[in-house]
Amino acid sequence: MKVAVLGASGYGSAELIRLLENHPHVEIEALISSSQEGEGLMNVYPHLSHINRTLEKWDVEQLSSRVDAVFFAAPAGVSSQLLPEVVERGLIAIDLAGDFRLTPEEYRVWYGKEPAMNSWISKAVYGLSEWNREEIKTARLLTNPGCYATATLLGLLPLAKAGAIAKGPLIIDGKSGVSGAGRGLQTNRLFSEVEGNLFPYKVAEHQHTPEIEHYLERMGGASHVVTFTPQIVPMSRGILATIYAPVEAGWTTHQLREAVATTYHEHPFIRLCERGRWPRTKDVTGSNFCDLQVKVDERTGMIITAVAIDNLMKGAAGQAVQNLNIIMGWQETMGLKMLPLYP
Ligand SMILES: NC(=O)C1=CN([C@@H]2O[C@H](COP(=O)(O)OP(=O)(O)OC[C@H]3O[C@@H](n4cnc5c(N)ncnc54)[C@H](OP(=O)(O)O)[C@@H]3O)[C@@H](O)[C@H]2O)C=CC1
Ligand SMILES: CC(=O)N[C@@H](CCC(=O)OP(=O)(O)O)C(=O)O
């Protein structure tokens, strides 16, 4: 099938190009750029200098006769404007931004922007691949989950579904590499600010907070208010989410591990670490794997679960390709079998 990628000069697109170039059933037909139309890909991304391709401007009319699907990898507020006309023309749209994940009211509050039309939001299918496979199969408008939300939900949903989480504070400590913020210049993401440094941001204000609460309830049947503190770590890629939740009486570490193992035993990208081994971002770098571990702290009555993903892979482009595979009825791992880059 032929696809277009919009937001060509960004990190999400670079990762999509890396994956789609190696996908046996996909051909990249167009790379769309709002700022670098006419520019050669090699000038935007020298690491892709062997690919002779020119970035194009957005022209939905012309594109609709050339491609079957469009990946949107632009900042919030772009896909809400451009994506509906893609779906109207019968193409598949996969959106990496948050424009179709929340209700209009939530979006207005947490993104501080005008939301997409509710009629379009209600058509969107949430692309947490392991938890929504049946709906994803028929999706035409696929909203890919946020990176922190992916890590957190993959860790919490098996526990919530099993009924192991008691009422009480649910706390997420999220740490992300700098590429999570995209390629645009931001003072707090400069080398001199990030190197040798570690700091929280958007404390109690992060836009993935309502996404986590919303889908924890919808897919895990558990209604919780979460406290979420994201932090920037001096590395390029990777997310580690460490989550603390009160345990229901009677649950042991062994039982929680059983619940997680049973939930994911047929899901090739989810790896429950051996007992005593905790996830590390480097164990998943460059791959679509999600590593997790869970334990009950008997002394405090809290569950501690830690989840590692690569923000650009399972947290963005990797999961987007996984979702395309599900929509097309292809093997879920197609084009995604690369091993992590180590060390
Ligand atoms: N980075 C990550 O780890 C993750 C990112 N996401 C989300 O995916 C999306 C893409 O992220 P990422 O690639 O990292 O971001 P970048 O900032 O690296 O790239 C976004 C690209 O979008 C294009 N763009 C910017 N403004 C506009 C505009 N007004 N209209 C159309 N296109 C525009 C630009 O490309 P050009 O100039 O070529 O048009 C820009 O390079 C974002 O919504 C992000 O929140 C989701 C999960 C994880
Ligand atoms: C490290 C870093 O800055 N990360 C970004 C992730 C952006 C993102 O993925 O945003 P949406 O899912 O809302 O599109 C952030 O925390 O805002």
Looking at (1) more than 8 Å from ligand 1 (Cβ to nearest atom); (2) buried (at least 16 other Cβ atoms within 10 Å of the Cβ); (3) within 22 Å of Arg183 (Cα to Cα); (4) among the polar types (S, T, N, Q), can you tell me which one Ser64 breaks? (3)
Segments classed as helices (runs of 4 or more DSSP H), wholly inside region 132-244, with at least 1 members that are touching a Lys or Arg at 6+ places or on another chain (Cβ under 7 Å): 147-162, 208-220
Examine region 235-253 for a residue that is in contact with a Ser or Thr (Cβ under 8 Å, 6 or more places away or on another chain), assigned by TED's automatic domain parsing to the domain that holds Val284 and surrounded by fewer than 17 Cβ atoms within 10 Å (Cβ to Cβ), and state whether such a residue exists. yes
Given the conditions (1) away from ligand 2 (no atom under 16 Å from the Cβ); (2) touching a helix residue (DSSP H, G or I) at 6+ places or on another chain (Cβ under 9 Å); (3) under 23 Å from Gly315 (Cα atoms), every one holds for Val60 apart from (3)
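Which is modelled with pLDDT under 95 and polar (S, T, N, Q), of Thr187, Thr150?
Numbers: Thr150 fails: modelled with pLDDT under 95.
Matching residue, one of Thr187, Thr150: Thr187.
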Tally, over region 108-122, of residues that are in a helix (DSSP H, G or I) and without any contact (Cβ under 8 Å) to a residue 12 or more places away in the chain: 2
Does region 69-76 contain any residue that is buried (at least 16 other Cβ atoms within 10 Å of the Cβ) and away from ligand 1 (no atom under 11 Å from the Cβ)? yes
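Which of the residues belonging to region 91-107 are assigned to a helix (DSSP H, G or I) and away from ligand 2 (no atom under 14 Å from the Cβ)?
Pro104, Glu105
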With the condition kept exactly as written, say whether any residue in region 50-68 is assigned to a strand (DSSP E or B) and in contact (Cβ under 8 Å) with a residue 60 or more places away in the chain. no
From the list Leu185, Leu128, which residue is without any contact (Cβ under 8 Å) to a residue 12 or more places away in the chain, of a type in the set (A, V, I, L, M, F, W, C) and within 13 Å of ligand 1 (Cβ to nearest atom)? Leu185
Note on Leu170: of the conditions (1) under 30 Å from Ile303 (Cβ atoms); (2) without any contact (Cβ under 8 Å) to a residue 40 or more places away in the chain; (3) among the hydrophobic types (A, V, I, L, M, F, W, C), unmet is (2)
Out of (1) within 20 Å of Gly250 (Cα to Cα); (2) not in a loop (DSSP other than H, G, I, E, B), what's the single condition that is false for Asp291? (1)
Taking region 206-241 as the search range and keeping residues that are more than 10 Å from ligand 2 (Cβ to nearest atom) and among the acidic types (Asp, Glu), which one is farthest from Ala259 (Cα to Cα)? Glu213
Examine region 160-169 for a residue that is more than 25 Å from Ala8 (Cα to Cα), within 15 Å of ligand 2 (Cβ to nearest atom), at pLDDT 95 or above and not acidic (Asp, Glu), and state whether such a residue exists. no
Here the residues within region 2-51 that are on the phi > 0 side of the Ramachandran plot and surrounded by fewer than 22 Cβ atoms within 10 Å (Cβ to Cβ) are Gly38
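Just give me the residues in region 1-49 being farther than 19 Å from Ser65 by Cα, charged (D, E, K, R) and outside any helix (DSSP H, G or I), in sequence order.
Result: Glu21, Glu37, Glu39.
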Residues being away from ligand 1 (no atom under 12 Å from the Cβ), touching a strand residue (DSSP E or B) at 6+ places or on another chain (Cβ under 6 Å) and not aliphatic (A, V, I, L, M) - total across region 1-39: 3
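The values are calculated or read from the model by the stated rules, or taken from the named source; none is laboratory data. Given the structure is predicted, the values throughout are model-derived calculations rather than measurements. Cβ sites come from the backbone with ideal geometry, for glycine too, and all protein chains shown count toward neighbours.
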